[in-house]
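Here is the structure we will look at, set down as structure tokens.
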Amino acid sequence: MKILKFIAYLMLFGILCAVLTTPPYNFIFIGVCILGAYWIFKNKKIEIKKEDTSIKPTPTQQQRKRKPVPKEYNYGKKASKLPKNYCVLDLETTGLSPRNNEIIEIGILKIKNNKIVDSYNSLVKPNKPITPGVTKINHITNAMVESSPSFNEIKEDVITFIGNDVIVAHNATFDLNFLVNSLKSSIQNQYLDTLQLSRKCYPDLPNHKLETLVNELNLIQNSHRALDDCRSTYELFEKIKEIA
């Protein structure tokens, strides 16, 4: 655009000189201006393009376009009956967010005809270090998981162990969301939540944390470790089944 303005001024100057001077000098000025304009076009290789009238996205729109859409993983529906055969699941994690935090221990009990017939337990090495705050809660340290497998290494064993059983857990949505996000796939297993069931069966308790229920109902003491919490949850579920 600056070059075009310069040429316009040059042509205007030539016209003024042509008006104000007498022949043959006026024709000389016009000729010089035309030759100058031609030289500029030839050497600068100016290409006149149509102005782009398309609406350019704002930085916010660009940022939204680049931002990856998180993939959602799902689990089955809530079971309608209290089963005799099921799996109890408990996870220890590095935080509360299934997308941003990781599993560091998994515990599973397999129940047949209301009896424990098998168990699965493994520490899991996370991608990021365990913080002191997390260790204070579940007593799992970085040294403990240093030689443990990653979740990807054990996920097939976990899926095989659970099979198609109903999954029972305390605050089940927490464990199930972590499970499917770590598996990076959905599962079809139905589930039951002993937290919700205990609220219905024991409405007068001060709260329905697993630790509170263990103390109030004289269940196996839990220690915020996965397999111990599975045993507490199993006893709680069996007790609920007696009065439900």
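What follows draws every value from the coordinates through simple rules; no lab data is involved. Just so you know, these numbers come straight off a predicted model, no measurement behind them. Don't worry about glycine lacking a Cβ; one is built from the backbone with ideal geometry, like all the others, and counts go over all protein chains shown.
Would you say Thr212 is hydroxyl-bearing (Ser, Thr, Tyr) and without any contact (Cβ under 8 Å) to a residue 60 or more places away in the chain? The answer is yes for Thr212.
Just one of (1) surrounded by fewer than 19 Cβ atoms within 10 Å (Cβ to Cβ); (2) out of contact with any Phe, Trp or Tyr (no Cβ under 7 Å at 6 or more places or on another chain) fails for His170. It is (1). Taking the stated definitions as given, is Asp175 of a type in the set (Asp, Glu) and surrounded by fewer than 20 Cβ atoms within 10 Å (Cβ to Cβ)? Here the answer is no, as Asp175 does not meet what is asked.
Which of the residues belonging to the stretch 128-141 are in a loop (DSSP other than H, G, I, E, B) and either free of Cβ contacts under 8 Å to residues at least 24 places away in the same chain or crowded, with 19+ Cβ neighbours inside 10 Å (or both)? Scanning the stretch 128-141 gives Pro129, Ile130, Ile140, Thr141. Taking the conditions (1) of a type outside the set (Gly, Ala, Ser); (2) crowded, with 16+ Cβ neighbours inside 10 Å; (3) over 23 Å from Ile140 (Cβ atoms) in turn, Leu183 satisfies each one other than (3). One residue alone among Lys110, Lys125 is more than 24 Å from Lys239 (Cα to Cα), among the charged types (D, E, K, R), in contact (Cβ under 8 Å) with a residue 12 or more places away in the chain and surrounded by 17 or more Cβ atoms within 10 Å (Cβ to Cβ), and that residue is Lys125.
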